[in-house]
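The block underneath contains the structure these notes are about, expressed in structure tokens.
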Amino acid sequence: MPGFDDDNVPESAESSAIPARARSGRIIFLNGTSSSGKSSIAKELLQILDGGPYFHMPVDSFHAMRARREVSSDELPHLLRRTWMGFHRAVAGMAAAGNDVVVDHVLSEDWRLLDCLGLFTARDVVLVGVHCSLEELERRERERGDRPMGLAARQFHQVHAHGLYDIECDTTTASAVDCARQISNFLPERPVPTAFEQLIVKLRPDLPAVD
């Protein structure tokens, strides 16, 4: 709820006992290039989704937690990989505790999806493809000025290479509000097997079969 502060929760509302294992939370997994509008959609989803409350977990927030110091070019790839791996496990932990989560992600490296497939409860993931034309992505990069020019173009062909989603939206012309409503309207009648369940069969045969 707005302004919630756990320091203000009455003692009677808390318990010293360890709570029973919660149901797994839902993960609405928004995947798209930089500047495709994922964070804007996530913010709108938090306003309209029933249940929850949902938590928005953007990977940018995890990158922002790092100490601001110089990192060598040899060390940087390992540091970034550890950050992404920690992000994935934080999302999995929030969902395992029964929290509903909206994640914005960039599947621009194959291992990221493979890692998530092994961590998340596949039936609980709603995989959303967030598309945008390259021309519009480049315009947004120039306008926002806080992303390296050409970043979206470098991610453009890889980020959707796995080719399978529960639902897709296109922010080239559609607003974040319209995309959020499209996703929200889809949720009550989401078919199974989910995209994550199908991707496990396709990409992670080493994992136990999905029931």
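Running a GNM on the chain with Cα contacts under 10 Å, which residue among Ser133, Ser108, Ser61 ends up with the highest mean-square fluctuation?
Highest fluctuation among the options: Ser61.
When a/c reaches 1.5 or more, the comparison of a/b and b/c decides; with that in mind, is segment 158-200 rounded, prolate or oblate per its Cα gyration tensor?
oblate
In 10 Å bins starting at 0, how do the alpha-carbon pair distances of segment 65-113 split up by percent?
21, 45, 28, 7
Semi-axes, largest first, in whole Å: what does sqrt of 5 times each Cα gyration tensor eigenvalue give for segment 104-170?
Over the Cα atoms of segment 104-170, the semi-axes work out to 25, 13, 10 Å.
Name the most mobile residue of Arg66, Arg139, Arg89, meaning the one with the largest mean-square fluctuation, in a Gaussian network model of the chain with Cα contacts below 10 Å.
Between Arg66, Arg139, Arg89, it is Arg66 that shows the largest mean-square fluctuation.
Would you please calculate the Kirkwood hydrodynamic radius of segment 135-211 over all C-alpha pairs and express it in Å, rounded to one decimal?
15.3
Mean-square fluctuation check for the chain, GNM, Cα pairs under 10 Å: which of Glu136, Glu75, Glu168 is largest?
Glu75
In whole Å and largest first, what semi-axes does the C-alpha gyration tensor of segment 76-211 yield when each eigenvalue is scaled by 5 and square-rooted? Please report the intermediate quantities before stating the final value.
Working: eigenvalues 131, 81, 42 Å².
Working from the Cα gyration tensor, I get semi-axes of 26, 20, 14 Å.
What's the magnitude of the charge dipole for the chain around its Cα centre, counting Lys and Arg as +1 and Asp and Glu as -1 at the beta-carbon? Answer in Debye, nearest 20. Don't skip to the answer; put the middle values down first.
Values: 23 positive and 31 negative charges, 80 e Å.
Dipole about the Cα centre, nearest 20: 380 debye.
Given a Förster distance of 30 angstrom, what is the FRET efficiency for Asp146 paired with Arg123, based on the Cβ-Cβ distance and rounded to 0.05?
Approximately 0.25, to the nearest 0.05.
For the chain, return all DSSP H helices satisfying: extent of Cα atoms along own axis at least 18 Å; mean Kyte-Doolittle hydropathy at least -0.5.
Values: long enough: 76-96 (30 Å, 0.26).
Length and hydropathy pass: 76-96.
Rg over Rh of segment 40-130, using C-alpha atoms and the Kirkwood radius, what does it come to?
Dividing the radius of gyration by the Kirkwood radius yields 0.99.
Each value in this text was obtained by applying a stated rule to the coordinates, not by laboratory testing. As the structure is a prediction and not an experimental result, all values here were calculated from the model. Neighbour counts are summed over all protein chains in view; Cβ atoms, including those assigned to glycine, are modelled from backbone coordinates with ideal geometry.
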